[in-house]
Every structure is written in structure tokens, then in C-alpha cells.
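*Asks:* My questions will all concern the structure given below.
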Amino acid sequence: MDLQGTVIRPPSEADSVLLQVTLGCSHNRCTFCGAYRGKRFAFKPLEILESDLEFAARYMSRQRRVFLCDGDALIMPQARLRHILSRIREMLPWVTRVGTYANAKSLARKTDEELAELKALGLGAVYLGLESGDDEVLAQVNKGVAVADMVRQGRRARAAGFKLNVTVLLGLAGPVGSARHARLTGEALSAMDPEQVGALTLMLIPGTPLHADWKAGRFVLPGAREMLAELREMLVHTGLTRGLFLADHPSNYLPLKVRLPKDKAEALSAIDAALAGETPLRPEWQRGL
């Protein structure tokens, strides 16, 4: 398989065939993200993708899912996506679902009919980085999109039949903006109503603008207890019709897997126990991206 540079995929796609259809991220300006720095965004040649699919057809018949890398495959023109999904269906007929990262811009470029076509061709899961429900925070980290637009496009993805997975970042607002960030993020998640939420804890990556701001004293990274308090506030304000709220990423201090709405009270009690010192937190040496 032709995988160029660092390849990022969601934890839930660990067993998927990783098909790198683009290089980098179509936005690539978020101050906290170092995943695609040094990669110029481009579509990979179809001949390389064809070769990768031939390899997968020969050696990956046990893998039932495909994940389209890199940062935002959905930004590709509809005809190109149609071709790639059709070839996956033809060459890997055992695959039951294709997933991809997306953003509000790429979703907005697709009509409802185009999204429905992609769903019919096997695209089943969309991963959207909300990061924060606070427009001020999004502006500070150069996300390049407003909360309302992300909520609108997330709801369109759900209406098209995709499984919507939304990622948020604890600590992104620093200690001062923590409570507002948590509350507004919970409200945005409730409005979007995804099937799954992934709450990650911010880890500063050398070489990123946010890391430089931290080194210069312009940004303060909240401590472990502040991160937990933020997680609690976010969960209080998050209401999903039926979905998973996951805080089990290696970056998190307290691994949680919460099925909403039924497990919310139990999860809040678990956070309270950790805040009271009754439950040990994941040590720093065990945390990672």
C-alpha cells in the first residue's frame, strides 16, 4: 500500500483498510494540529489507488471496512469519489462500510442528492472535528468555520444516512474559557445529535502555533483536574437521542465510555469520584496521541 507521510485514522478504524486517496488536509491551518504540516494538499493519482486496491484485494480479505485518508477525502469532486467508491465495491466486495474525515466546507459542497449517492455507493461513516462549540475558541485556533455551519452540515450528514462521529477537544479554551467552551460544546453536540462523540484531551504538539503560544506564555494548558471538570460540564450539557460519548482516547486522564442518555448519571458520578481523588487518573507517561 502506498501510504505517504504520517497517516491519521480514528481509533474506531483501527482494523480498516487504509486507502490514502488524498495527501494532507484541505484546510491545514488549525493552530493545535500537527498531523499534516509539511504535506501539501493533493489528490493522489488514480493509478496508485488502483494498485492499492489490487493489493487489498489480494491480502486484506478479512478486513470489512475501508477508511479514506488523509484529512478530508470528501472534498474531492463527486465524479472522483463515485469512481473510488465504485472500485472499492467492485474489487473488495466483502467490505461493509467506507469511512472518511469531513469538514463543514466539504459537506456544504455536496448537494443532498450527492450525499445520498455516496451513501448508496457504500460511504457509511463521516468523522467531523467540531473541536469546540464556542465561536470565539474556533476563531482563536483558526478553525475557519462557525459552529452553526458545522451543526448544520453535521445534521445534513445524519439526514443522508451516514453514521456521524464528532470529535471535541478538552482544554482548547484554556482555564479562563473552560466552562463556556464546555457548555457551548455540549449544546452544539446536542443540536447535531451524532451517533458518537469522541472527547480528546488537548496535547500540545511541538511545531504547531498553539505550542509556540504555550511556550511564549500566551496560552495556558489546563491541568488534569481542570480537564476533568471541563469534561463533566460538557457531559452535563450534552443530550443525545441515542449515542456513545467516548472519552477513552489515550490522551484522556479518565477513560470513559458513556451510552447516552441512560449512562449519564453514572458517568458524572465516576468523574466526581476522580475529582475527589477516589479514582486514580491516567499518569502523564501513559498519555499519548
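Each reported figure results from applying straightforward, stated rules to the coordinates on display, with no laboratory input. The structure presented is a predicted model; accordingly, all values stated were derived computationally and were not measured. Cβ sites come from the backbone with ideal geometry, for glycine too, and all protein chains shown count toward neighbours.
*Asks:* Over 32 Å between Cα atoms, which of 39/264; 143/257; 110/215; 39/163; 39/110; 110/143 qualify?
*Replies:* 39/264; 110/215
*Asks:* As an exercise, take the mean of 1/r over every pair of distinct alpha carbons in the range 83-127, invert it, and state the Kirkwood radius in angstroms. Walk me through the intermediate numbers first.
*Replies:* Working: mean 1/r = 0.0900 Å⁻¹.
About 11.1 Å, per the Kirkwood formula over Cα pairs.
*Asks:* Note the direction-averaged projected area, equal to a quarter of the hull surface, for the Cα convex hull of the range 142-201, in nm².
*Replies:* On the way: hull surface 16.6 nm².
Taking the Cα atoms of the range 142-201, their convex hull projects to 4.2 nm² on average.
*Asks:* Gain in length, residue 15 to residue 155, computed as 0.36 nm per residue apart minus the alpha-carbon separation, to one decimal in nm? The partial results should precede the final answer.
*Replies:* On the way: separation 140, 0.36 × 140 = 50.40 nm, distance 2.71 nm.
My answer for the length gained is 47.7 nm.
*Asks:* Stretched out fully, how many nm does the piece from residue 54 to residue 287 gain, at 0.36 nm a residue minus the Cα gap?
*Replies:* Numbers: separation 233, 0.36 × 233 = 83.88 nm, distance 3.70 nm.
Here the segment from residue 54 to residue 287 would lengthen by 80.2 nm.
*Asks:* How do 126-136, 174-184, 259-269 rank on mean C-beta neighbours within 10 Å, highest first? Write down the numbers at each step before the final one.
*Replies:* Working: 126-136: 23.1, 174-184: 18.5, 259-269: 14.0.
In decreasing order of mean packing, 126-136, 174-184, 259-269 become 126-136, 174-184, 259-269.
*Asks:* With everything on Cα atoms, drop me the angle between helix 46-59 and the longest principal axis of the chain, reported from 0 to 90° to the nearest 10.
*Replies:* 80 degrees
*Asks:* Right, another one. Per-residue counts of other Cβ atoms within 10 Å, averaged by peptide: what ranking do you get for 153-160, 114-121, highest first?
*Replies:* 153-160, 114-121
*Asks:* Two decimals is fine: what's Rg over Rh for the range 15-72, C-alpha atoms, Kirkwood radius as Rh?
*Replies:* Ratio of gyration radius to Kirkwood radius for the range 15-72: 1.05.
*Asks:* Now, a different point. Looking at the P(r) of the chain, how many percent of alpha-carbon pairs lie beyond 33 Å?
*Replies:* When all Cα pairs of the chain are counted, 23 percent exceed 33 Å.
*Asks:* Taking the DSSP beta bridges in the range 1-143 as the whole, what percent of them are antiparallel, to the nearest 5?
*Replies:* Around 15 percent antiparallel, to the nearest 5.
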